[in-house]
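The next block holds one structure in the form of C-alpha cells; read it before the comments.
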Amino acid sequence: MFLTGRTVRAARALPAGPTPPAVRTLPATRTFRAVGCAVLAALALAACGGGVQGTPGGSGVRDPYFPKAGNDGYDVTHYALDLAYDPADRHLTGTAEITARAVQDLSAFDLDLKGMDVERVTVEGERARWSRSGQELVVRPGDELDRGETFRLTVRYSGTPQTITDPDGSEEGWLAGDDGALALGEPTGSMAWFPGNHHPSDKASYDIAVTVPEGLQAVSNGELTNRTTSDRRTTFRWHTAEPMASYVATLAIGDYDIRRSTVTGTAAGELPVYTAVAPSQDGPARAVLARIPEFMEWAEYNFGPYPFSSTGAIVARPNVSDYALETQNRPVFPGAPGTELFVHELAHQWFGNSVTPKSWRDMWLNEGFATYAEWLWREDHDGDSAQETFDALYDHGEDEHKDLWSFPPAKPTSAAHISDSPVYQRGAMVLHKIRQTVGDDTFYAIVQGWAADHRHGNADTDDFTAYVEETAPGEDFTGIWEDWLYGEGKPDRP
Ligand code: TRP
Ligand code: ZN
C-alpha cells in the first residue's frame, strides 16, 4: 500500500477522541465525610464517629491469572512519585503521593509493594497504621473513608528494589547494574519500585520525579517538564497526563543520550519525540529512530489518531533486559530495534496502552494486534502479504512456534503462558480471519473504531467480539470465535 499524504486509512470518519483528563483538583474531602456523619446523626444511627461501618478493600481484583494483583475498594486517579536513586549503592528512596477515590466505605485498603522498607504512611495528611503481608501493604486510616470520597495517601519508603522473576521465567521489576537501572513492569514488576494498585484495570495519570547523581540521566514516561541540578544531583521531572496502566510505567537511569525532537502532521498536530539511547547503541539505534515520523504516519493511517501527547523510545544496552516492552509513550528496547519490532511496540500504544485489557486473560488483545501490525507493515512494504504470513503459520508455524496450537488465544492455560505464541501469532490469526470475513474497508473500520471507542479505557474479549459483531452486522463470526478464539487445538483448514 502506497501512502499518499497523512490521511487515516478510514472506511468512515473517526470520532475525535475525548480530551485527556487533566490532573484533577480535589474537593475538600473532609467536608463530605462531615456531612455524611451529620446526616447519619440526624437519622439517629449510632455508628458514626468511632463506629466501624466500612469494610476492608480486597487484596486483589480477582484477576484469573494474578489474583493478588491490584486491590479492591478504591480507584487511583494520580500517582506523584518523588524518587532518588544512586547506582553506586543501588538504594532507592521514594515518596509516593497517591490520589484515589474510595468506591466503597473503607475501613482499610491494600496497595501492592514487593520488598522495600515502608517508613511512613499518611492518609489525608494524618499518620495511618499499616502492615505488610507478602506483596500487600495494608493501610488502616485513622478515619474511615466514605464511598465516593477522594483521598490523598502518601507512602515514604526506601531500600534496594527487587528484580522479580515472572511465572514464565522472564525478569522484570528493577533491573540494576553498576551503571544504572531499568524498571519494567509487565505483568507485575512495577510493585518493585512504587506502591500502587498494580493491575491494568486501574489506570491513572502520573508525575515521576527522579533525582540521580549529576552526569547520569533519568528517562520515564510522558514529557520532561523540568530538569535541575544542585548539590551535584540532577532531578528529572516527567509528566504523563493520559491514563496509564502501571505495567507500562518505566524508568531508565544511566548513561543515555537523550534527545528531543518533534513529529509534525499527526492527528494532534506537532508532538514531542523523546529518545534515549545507550551510547554503545548509537549508530544502529539512531538510524531506526530517525524513521519515527514515518512509523507514526503509517500507524495513524492504519490505527487512527495516536493516543498520547509524546512519543519516542528508550534503547538500553543489550542484556539489561532480554525483551522489549511497550512502556507508554516510549517503548524500551534491549539494543537497537529492527523495524518490525519498533512497529510492534508502537502499535501497543493503541492496543494495550490506550485500550488496556481488563484482566491478564485478555492479553491477546494486546499481542494479537501488535503482531498483526507487523504483518500489515510487511504487507505495506513489499514483504509477504498478511495472507501469506497467515498461510505460512498455518502450514509450518510449529517449526518456529512449537506451542502454537497448545491453547486458544483467549484462554491461556496459566500465568506462565500469557506471553506464548498462541497469544501473539494465533491472536493475530484471529484478526486475519475477521479481515477475510469482512473485507478491508470494514476491517479497518473495526481496527480504528475499536481503538477510538475504548480510547484511554479498558476492554475485554467479550467487548471485542461484541464490537466486531456490531460493526459488521451482516456477518456470522460464530465459527471464528468458536474455532480460532476459544477452540482447543488447531482449527480445520480455513
Ligand atoms: N509485551 C511485550 C511485547 O510484546 C513482551 C513482554 C514482556 C511480555 N514481558 C512480558 C508479555 C510479560 C507478557 C508478559 O513487546
Ligand atoms: Zn507485544
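Throughout, read-outs are computed from the coordinates displayed, never taken from laboratory work. In this text the structure is predicted, and so the values were computed from the model without any measurement. Methodologically, a virtual Cβ is constructed for each residue, glycine included, from the backbone with ideal geometry; neighbour enumeration extends over all protein chains shown.
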Check your understanding: Treating the beta-carbon of each Lys and Arg as +1 and of each Asp and Glu as -1, no other charges, what is the dipole magnitude of the chain about its Cα centre, to the nearest 20 debye?
Key -> 1900
Revision key, fill the gap. Here the stretch 53-174 gives, from Cα atoms, an Rg and Dmax in Å of 15.0, 48
Check your understanding: How large is the dipole of the stretch 308-460 about the Cα centre if only Lys and Arg carry +1 and Asp and Glu carry -1, each at its Cβ, rounded to the nearest 20 debye?
Key -> 740
Review point. Excluding the sites themselves, what is the longest stretch of the chain that contains no GluC sites (Glu not before Pro) in a DSSP loop with at most 11 other C-beta atoms within 10 Å?
Key: 215-487
Review point. Got a sec? How would F333, F194 order by Cβ neighbour count within 10 Å, fewest to most?
Key: F333, F194
Revision key, fill the gap. Per residue, the convex hull enclosing the Cα atoms of the stretch 362-450 spans a volume in Å³ of 92
Check your understanding: If one takes the longest principal axis of the Cα atoms in the chain, at what angle in degrees, from 0 to 90 and to the nearest 10, does the Cα axis of helix 386-400 lie?
Key -> 80
Study note, to complete from the structure: So the angle from the long Cα axis of helix 427-438 to the longest Cα principal axis of the chain, reported in degrees to the nearest 10, equals 60
Review point. How big is the shadow of the Cα convex hull of the stretch 281-355, averaged over all directions, in nm²?
Key: 4.5
Review point. Hey, any idea what the orientation-averaged projected area of the convex hull of the chain's Cα atoms comes to, in nm²?
Key: 24.4
Review point. If you count the DSSP beta bridges with both ends in the stretch 59-255, what percent of them are antiparallel, to the nearest 5?
Key: 90
**Study point:** Options A313, A451, T77, ranked by Cα towards positive dipole end of the chain, top entry (Cβ charges)
**Key:** T77
Practice item. Let me know the Kirkwood hydrodynamic radius for the stretch 305-394, please, with Cα pairs as the basis and the value in Å to one decimal. Key: 13.9
Review point. When the Debye formula is applied to the Cα atoms of the stretch 59-255, each taken as the same point scatterer, what base-10 log of I(q)/I(0) results at q = 0.19 Å⁻¹?
Key: -1.37
Practice item. For n ≥ 4 DSSP H runs only, could you compute -39500 (n - 2.57) per run for the chain, divide by its residues and tell me the 222 nm figure to the nearest 500? Key: -7500 deg cm²/dmol
Exercise for review: Name the residue farthest towards the positive end of the dipole of the chain from the options S421, L216, W298, assuming +1 on Cβ of Lys and Arg, -1 on Cβ of Asp and Glu, about the Cα centre.
Suggested key: L216
Exercise for review: Among P412, A347, A373, flag the residue with its Cα farthest along the positive direction of the charge dipole of the stretch 299-440, charges on Cβ as +1 for Lys/Arg and -1 for Asp/Glu.
Suggested key: P412
Check your understanding: Listed here are the pairs K68/K203; K68/K411; K203/K402; K203/K490; K114/K203; which of them are more than 29 Å apart at the Cα?
Key -> K203/K402; K203/K490
Check your understanding: Which whole-number percent is the relative contact order of the chain (Cα, under 8 Å, 6+ apart)?
Key -> 13
Revision key, fill the gap. Fewest to most Cβ atoms within 10 Å: W350, W298 sort as W298, W350
Review point. Under the classification rounded if a/c is under 1.5, otherwise prolate if a/b is larger than b/c and oblate if not, where does the stretch 172-275 fall, given a ≥ b ≥ c as square roots of the Cα gyration tensor eigenvalues?
Key: oblate
Review point. In degrees between 0 and 90, to the nearest 10, how far off the longest principal axis of the chain does helix 461-471 point, with axes built from Cα atoms?
Key: 50
Revision key, fill the gap. Magnitude of the Cβ-charge dipole (Lys and Arg +1, Asp and Glu -1) of the stretch 59-255 about the Cα centre, nearest 20 debye, reported as 320
